[in-house]
Amino acid sequence: MSTLPRLDPEPLKSFLADRIEGLGEALRIEPMTGGQSNPTFLLDFGERKLVLRKRPDGDLLPSAHAVDREYRVQKALQGSGVPVPEVLLLHMEPDVIGTAFYVMEYVEGRVFHDCSLPGVPSDQRRSMYRSAADTLARLHEVDVAAVGLSDFGRSGGYFSRQIARWYKQWELSAIEPNRDIDLVADWLSRNTPPESRRPAIAHGDFRIGNLMFHPTEPRVVAVLDWELATLGEPLADLAHLCSFTWHMGSSEYGGLLDVDTASLSLPSQQEFCQEYYKIAGDSGRLTPFHLAFALFRNAIIFEGIAARARSGNAAASNAQSVGRLAGILASRAAALLET
């Protein structure tokens, strides 16, 4: 069950009616489960459905849960060929629902929080992963200047900044030391590879669970949850998806680490990466550095989820159990340093 807060429909309905045409008189609000970051709600007006994303309630870490950045990058990508929901409005004041929020069109489709894609015909699973690889590569090929995102992030030094940022987040969130986190942070800082050819839009949380697939066809129709998006290194996104898919187990976050992928007609990590390289051929190749970085960052994100659970403002009811993955992922990141 969701632990999302309730929203008062009356002030929200009045606010939206003055700004969005074609809304019905009745408004039904339903929490949309599955996310760990910004609380998300379905706004059902009968003939029309919208989706609302808001900042969590309570005290938050600096720069976290930036709904304005989510809104901006999706607005910029509309018409780019990268599938994103149509965003409709952004409201940064707390006067309507208590926090900043934005509203976007509802997209009909399927979201899978299990990377084995349960219920999907076996002959469609590889096609869905190919579509995911194609979508990620096309995102990284977007000309950031042409879509007005040249100032969406700092140029240069992406990995150095990210390592420092996430280690700082660890210090703010963790309740006890972790030797693996310290070891990996130090190793990453000393082994940072050269930067890629040009700035690219890095989604920051690109994984199967943040993709919406067509209701019946094996293709991506929307990329969701842009909270961590910035200008950065394409291979960080690729490693992030790989870490969630092939470096986590089925009981941890719906991963494939302990799954017989061949028997389920699912691709290997290498096969997925090859599909990505076909389009983003000059972005470089995935290395242990990139995977260790992804696992390191995810360990710290999960520790942050646990911290929000302890303070009572987590966006999902399983936040505390998910937070226990921090130590597991830190250990797996440390193991990669030996390869």
Handout entry: Cβ pairs under 6 Å, 6+ apart, first in region 325-336 and over 17 Å from Ala306 (Cβ atoms), second of a type in the set (Asp, Glu)
Key = Ala334/Asp180
Exercise for the section: Report yes if Gly119 is modelled with pLDDT under 95, in a loop (DSSP other than H, G, I, E, B) and under 23 Å from Thr216 (Cβ atoms), otherwise no. Expected result: no
Problem - Which numbered condition Leu52 fails, given (1) open to solvent by 70 Å² or more (accessible area, probe 1.4 Å); (2) at pLDDT 90 or above - result: (1)
Practice task
For region 196-210, state whether one or more residues are more than 21 Å from Ser80 (Cα to Cα), open to solvent by less than 40 Å² (accessible area, probe 1.4 Å) and in a loop (DSSP other than H, G, I, E, B).
Solution key: yes
Problem - Tyr276, sole failed condition from (1) of a type in the set (Ser, Thr, Tyr); (2) within 13 Å of Leu235 (Cα to Cα); (3) more than 20 Å from the chain's Cα centre (by Cα) - result: (3)
Exercise for the section: Can you give me the number of residues within region 72-88 that are closer than 22 Å to Lys13 by Cβ and either open to solvent by less than 20 Å² (accessible area, probe 1.4 Å) or part of a helix (DSSP H, G or I) (or both)? Expected result: 2
Practice task
Could you tell me which residue of region 288-339 is modelled with the highest pLDDT, considering only residues that are closer than 25 Å to Pro193 by Cα and either hydroxyl-bearing (Ser, Thr, Tyr) or touching a strand residue (DSSP E or B) at 6+ places or on another chain (Cβ under 8 Å) (or both)?
Solution key: Ser331
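Restricting region 271-282 to residues that are open to solvent by less than 10 Å² (accessible area, probe 1.4 Å) and out of contact with any Cys (no Cβ under 8 Å at 6 or more places or on another chain), which is farthest from Glu141 (Cα to Cα)?
It comes out as Tyr276.
Test Gly148 against the criterion of being within 30 Å of Glu108 (Cβ to Cβ) and outside any loop (DSSP other than H, G, I, E, B), and give yes or no.
Against the criterion (within 30 Å of Glu108 (Cβ to Cβ) and outside any loop (DSSP other than H, G, I, E, B)), Gly148 does not qualify.
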Handout entry: Pairs with Cβ under 6 Å, 6+ apart, first in region 71-92 and free of Cβ contacts under 8 Å to residues at least 24 places away in the same chain and under 13 Å from Phe152 (Cβ atoms), second open to solvent by less than 60 Å² (accessible area, probe 1.4 Å) and not in a loop (DSSP other than H, G, I, E, B)
Key = Lys75/Val87
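For residues that are small (Gly, Ala, Ser) and within 30 Å of Glu303 (Cβ to Cβ), scanning just region 117-168, find the one that is surrounded by the fewest Cβ atoms within 10 Å (Cβ to Cβ).
Gly156
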Completion exercise
Listed by first then second residue, the pairs whose first member lies in region 181-192 and is closer than 10 Å to Tyr167 by Cβ, whose partner is among the small types (Gly, Ala, Ser), with beta carbons under 7 Å and at least 6 positions apart or on separate chains, are Ile181/Ala299; Ile181/Ala330; Val184/Ala292; Val184/Ala330; Val184/Ala333; Val184/Ala334; Leu188/Ala292
Exercise for the section: Would you please name the residue that is farthest from His203 (Cα to Cα), looking only at residues in region 89-103 that are in a loop (DSSP other than H, G, I, E, B) and in contact with a strand residue (DSSP E or B) (Cβ under 7 Å, 6 or more places away or on another chain)? Expected result: Ile97
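Suppose the filter is touching a residue at least 40 places away in the same chain (Cβ under 8 Å) and either in a helix (DSSP H, G or I) or surrounded by fewer than 20 Cβ atoms within 10 Å (Cβ to Cβ) (or both); does Asp114 pass it?
Details: touching a residue at least 40 places away in the same chain (Cβ under 8 Å): yes; either in a helix (DSSP H, G or I) or surrounded by fewer than 20 Cβ atoms within 10 Å (Cβ to Cβ) (or both): yes.
For Asp114, the condition - touching a residue at least 40 places away in the same chain (Cβ under 8 Å) and either in a helix (DSSP H, G or I) or surrounded by fewer than 20 Cβ atoms within 10 Å (Cβ to Cβ) (or both) - is met.
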Exercise for the section: Using the structure shown, decide if Gly98 is open to solvent by less than 70 Å² (accessible area, probe 1.4 Å) and not hydroxyl-bearing (Ser, Thr, Tyr). Expected result: yes
Exercise for the section: Return a yes/no flag: does region 82-100 have any residue that is of a type in the set (A, V, I, L, M, F, W, C), at pLDDT 95 or above, within 17 Å of Glu275 (Cα to Cα) and under 18 Å from the mean Cα position of the chain (by Cα). Expected result: yes
Practice task
Check Ser243, Ser263, Ser268, Ser251 and return the single one that is surrounded by fewer than 20 Cβ atoms within 10 Å (Cβ to Cβ), touching a residue at least 12 places away in the same chain (Cβ under 8 Å) and more than 20 Å from Val142 (Cβ to Cβ).
Solution key: Ser268
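The values are calculated or read from the model by the stated rules, or taken from the named source; none is laboratory data. Bear in mind the structure is a predicted one, so any value in this text is a computation, not a measurement. FYI the Cβ positions are ideal-geometry reconstructions off the backbone, even for glycines, and counts take in every protein chain you see. Side chains are part of the model used for accessible areas, which takes the heavy atoms of the whole protein and leaves out ligands, DNA and RNA. Shrake-Rupley method; radii C 1.70, N 1.55, O 1.52, S 1.80 Å.
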